[in-house]
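I have placed the structure first, in the form of structure tokens, so that the comments after it can refer back to it.
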Amino acid sequence: MANNKKSKTKSSTKSSKRPNLGMVRGPEEPNPASAVLDSVIGFLLRFRKYGNDILGIFLALIAMLILLGLFGLSSGAWLLSWVASLKKWLGWGGSLLLVGSLGMGSLLSFRPYKEGFTARDWGKFISIEFAAFSLLGLLSVIGGNSIETSDNFGGLVGWGLSELIGMLFSALPDILGNILRVLLFIIFIVIGTMLGFGLFGRAVTSFEFNLSGGKKRKTRAVSAQPSVSISSMSQDEIESPKKTGRTKKASIPAEHRKQFKVEDQFEDQMDAPLPRDEQLPDLSLLDIGKNVKPDERHINQTAGLIEKTLAEFGIPAKVINFQIGPTVTQFAIEPGYIQKPGTTDEDNRQKVRVSQISALQKDLALTLSAERLRIQAPVPGRSYVGIEVPNKRFSMVKLRPILETETFYKVKSPLAIAMGRNVSGIPVVADLTKMPHLLIAGTTGSGKSVCIAAITTCLVMNNSPADLRIVMIDPKMVELVRFNGLPHLIGKVETNLERIGGVLRWVVAEMQNRYKKLEELRARDIESYNRKVQRRKEYETMPRIVVLIDELADLMMSAAESTETTIVRLAQMARAVGIHLIVATQRPSTDVVTGLIKANFPARLSFAVASGMDSRVILDGPGAESLLGRGDMLFLSPEGGMPLRAQGVMISDQEIENVINYWQEAWNIEGSEEEQESPWETMMVDEAILATRDNLAEDAIEIIKDTGRASASMFQRRLKIGYPRAARLVDELENMGVIGPSRGGGREREILIDTDNYDDGEL
């Protein structure tokens, strides 16, 4: 019995400690009225989200009724009395109630329920109402402040507001008081409208920017350095950003938010105009261009995202600087320190390797949503890593602003060329005499032909036809033909592949002739030759010659061996006599840019290419495959080192036409396209004749000089050839004027040349 009592006690104890998982019933039964009330409240709460829609529809219906009543399209005692009341109290301002009802109804119907109306929204609503009541007062003033005619103007409300404001100007004459009331109401309307639609803050910000910008332009200093100034703030001074609907900005932690300040770009022009030769074209023939203001918010946001992304991959780094270029912005990244594994001492830290940052190129491009991103690790001559991010808006680089800079003026060379602007906005200027030749590569549409046109325009802007001559070769037949008529051209722009080889051979012959002239005067190069010629009237100065080839691949496809031999020979020897080559190709493969050509072109310029292999062919390293196109380029100077990134110069057809017209008028050239004759025409005719001549003709002439006789049978025996070839050889000598016509009867031909004084070179 005792055991049973213990077991019952234990079971009862356990049951009392066990939680009740079922429904707990109260001591009393539920009230039926309370249950019905809960059901009604639940039903209303279920449809609460549709309350705004219902209210919006109601306001829209009121607006429709007002519209019908104002225009007399509907009748009814209630409606007519309501319209009469509106006209009495609001006058023409009753239409404002129509607009307000429609606007409020639309906001309530289309605004999401969860957003609701904030204090800012109600502030805007009150501002708009303030502007509306000010309009009623203005209408009353215009109507003459008469209570009898108030129905047709601002109503009783407008009349009351007008009289209230008029009390401020009661001591003034009526006319002056009315004018001041009108001005005051207009000011109230403008302020209320701007506050209601959020335009007041934008106007104040724009005014402050323009004011500060004006001050910057007045105090601008003359400098060729980049005009971007950076001022950073400590983290304690950085205020927390305001909440906006942009989740991307809010996702950046506070420690990675930046407050860099951005000033205007490319303010490197000289205050005073640079001295120019009066015989040269004025710079007003070229366009000045417009610069795009950089987006300060976007730059700070991008800098913060870079730091945040690197931190997520365990790489502590900090954006310490940035440089804004026309196309890209280069962010300076200073690598931080990480703790060595297994240590806690601060001294046991190591700096982040540069290769770790370079390996995250694709991850950074994904985070920044960048089309193409380039990492320069490290930047030559600097102690940071450069991450080049494309700008949201590109600035077009024009030729005239670069020609007006001190950077271009300091290059004291007749063949100074404006290449573009680098990632810091500094002009990039090169000297063709020091290159001395330039190799350009880039895919179709990357800016290669535009670059050649810009270089040509830059050269003719600073050199007269007496100092510079240009040979243009354009197998594409469309890009360089617009320069036809320029007095600097030697002949026309050659577009025929069959004639281009002859043009290059003429350049080689011209180089050889110039070397003979240098040998006569014992001159070392063209500069020393022209200095000696100035003291001797029997000699003429030699102008410099620039040979531009727009497409090398077409020449290599048609005649690879002869083209390579000619170009390599010119590249090796033509510098001393003032002949320079600028060669471009859209296919920088090894079969086009051979090892010999590449070795003789130390200065290379690459636009966007198709692959990293093409980049290695032209630049001896990667990078060109990451360019953006449209003039974005990498320039490898003859001094070597790392390629310099820049945005190429853009030149328009109108600018080229202006320069050509100037030189044609200055040199009194009319119809130059038809009158220009190529100097290589005579050489090409002689080559054509020699091509059809039998190679035994000279041997036959030597036989005639030795024997004084000429016949087919003799040539057959002496030259050991068949009769048909011997007969053709006799006919060829007759056409050359060496022997006379046939006299019949198998007799020998008459000898027409002087066998003692005859020179083979006369043929």
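Looking across the range 359-412, the residues that are closer than 30 Å to Asp277 by Cβ and among the hydrophobic types (A, V, I, L, M, F, W, C) come down to Met396, Val397, Leu399, Ile402, Leu403, Phe408, Val411.
One residue stands out in the range 517-540 among those that are modelled with pLDDT of 90 or more and polar (S, T, N, Q): the one that is farthest from Lys598 (Cα to Cα), namely Asn530. Collect the residues in the range 248-285 that are modelled with pLDDT of 65 or more, under 26 Å from the mean Cα position of the chain (by Cα) and over 16 Å from Asn463 (Cα atoms), keeping them in residue-number order. Hits for the range 248-285 are Lys258, Gln259, Phe260, Lys261, Val262, Glu263, Ser284. From the list Ile320, Ile306, Ile315, Ile299, the lone residue that is surrounded by fewer than 17 Cβ atoms within 10 Å (Cβ to Cβ), among the β-branched types (Val, Ile, Thr) and touching a strand residue (DSSP E or B) at 6+ places or on another chain (Cβ under 9 Å) is Ile320. Residue check: Met642 meets all listed conditions (1) in a loop (DSSP other than H, G, I, E, B); (2) at pLDDT 80 or above; (3) surrounded by 17 or more Cβ atoms within 10 Å (Cβ to Cβ) but one, namely (3).
Look at Glu388 and say whether it is in contact (Cβ under 8 Å) with a residue 60 or more places away in the chain, touching a Ser or Thr at 6+ places or on another chain (Cβ under 9 Å) and not aliphatic (A, V, I, L, M). Here the answer is yes, as Glu388 does meet what is asked.
Looking at the range 509-596, the helices (runs of 4 or more DSSP H) lying wholly inside it that each contain 3 or more residues that are over 24 Å from Val493 (Cα atoms) and not small (Gly, Ala, Ser) sit at 526-533. Scanning the range 279-338 for residues that are of a type in the set (Ser, Thr, Tyr) and not in a helix (DSSP H, G or I), we see that the one that is farthest from Ala359 (Cα to Cα) is Thr327.
Could you look through the range 339-368, keep only residues that are in a helix (DSSP H, G or I) and small (Gly, Ala, Ser), and pick out the one that is surrounded by the fewest Cβ atoms within 10 Å (Cβ to Cβ)?
If we take residues in the range 339-368 being in a helix (DSSP H, G or I) and small (Gly, Ala, Ser), then Ser355 is surrounded by the fewest Cβ atoms within 10 Å (Cβ to Cβ).
Comparison of Met435, Met396 shows that the only residue that is under 16 Å from the mean Cα position of the chain (by Cα) and either on the phi > 0 side of the Ramachandran plot or not small (Gly, Ala, Ser) (or both) is Met396.
If you check Gln356, Gln376, which single one turns out to be in contact (Cβ under 8 Å) with a residue 40 or more places away in the chain, out of contact with any strand residue (DSSP E or B) (no Cβ under 6 Å at 6 or more places or on another chain), of a type outside the set (Val, Ile, Thr) and outside the structural domain of Val617 (by TED's automatic domain parsing)?
After applying the criteria, what remains is Gln356.
Conditions (1) closer than 30 Å to Glu278 by Cα; (2) within 39 Å of the chain's Cα centre (by Cα); (3) in the same structural domain as Arg276 (by TED's automatic domain parsing), marked per residue:
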{"residue": "Lys476", "(1), (2), (3)": "no, yes, no"}
{"residue": "Glu494", "(1), (2), (3)": "no, yes, no"}
{"residue": "Leu518", "(1), (2), (3)": "no, no, no"}
{"residue": "Ala523", "(1), (2), (3)": "no, no, no"}
{"residue": "Tyr529", "(1), (2), (3)": "yes, no, no"}
{"residue": "Arg544", "(1), (2), (3)": "yes, yes, no"}
{"residue": "Glu551", "(1), (2), (3)": "no, yes, no"}
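Residues in the range 391-428 that are among the basic types (Lys, Arg) and either part of a helix (DSSP H, G or I) or without any contact (Cβ under 8 Å) to a residue 24 or more places away in the chain (or both): Arg400, Lys410, Lys412. Of the residues making up the range 521-558, those that are β-branched (Val, Ile, Thr) and either farther than 30 Å from Ala453 by Cα or surrounded by 15 or more Cβ atoms within 10 Å (Cβ to Cβ) (or both) are Ile526, Val533, Ile545, Val546, Val547, Ile549.
Scanning the range 612-639 for residues that are part of a loop (DSSP other than H, G, I, E, B) and touching a residue at least 60 places away in the same chain (Cβ under 8 Å) returns Gly623, Leu627, Leu628, Gly629, Arg630, Gly631, Ser637, Pro638. Selection within the range 308-340: residues that are under 28 Å from the mean Cα position of the chain (by Cα) and small (Gly, Ala, Ser). The member of this set that is modelled with the highest pLDDT is Ala332.
Residues in the range 367-385 that are aliphatic (A, V, I, L, M) and more than 17 Å from Ala303 (Cβ to Cβ): Ala377 alone. Scanning the range 403-426 turns up one or more residues that are closer than 18 Å to Gly631 by Cβ, in contact with a Phe, Trp or Tyr (Cβ under 8 Å, 6 or more places away or on another chain) and among the charged types (D, E, K, R). The requirement of being buried (at least 16 other Cβ atoms within 10 Å of the Cβ) and basic (Lys, Arg) is fulfilled somewhere in the range 369-377, by at least one residue.
Might you let me know whether the range 380-388 holds any residue that is surrounded by 17 or more Cβ atoms within 10 Å (Cβ to Cβ) and part of a loop (DSSP other than H, G, I, E, B)? Taking every residue of the range 380-388 in turn, at least one turns out to be surrounded by 17 or more Cβ atoms within 10 Å (Cβ to Cβ) and part of a loop (DSSP other than H, G, I, E, B).
Among residues of the range 600-611 that are part of a loop (DSSP other than H, G, I, E, B) and surrounded by fewer than 20 Cβ atoms within 10 Å (Cβ to Cβ), those with a Cβ under 8 angstrom from a residue that is among the polar types (S, T, N, Q) and at pLDDT 90 or above, sequence gap 6+ or separate chain, pair up as Asn600/Gln572; Ala610/Thr443.
The values are calculated or read from the model by the stated rules, or taken from the named source; none is laboratory data. Please read all numbers here as calculations on a predicted model, not as lab measurements. Note that each Cβ is placed from the backbone with ideal geometry, even for glycine, and that neighbours are counted across all protein chains shown.
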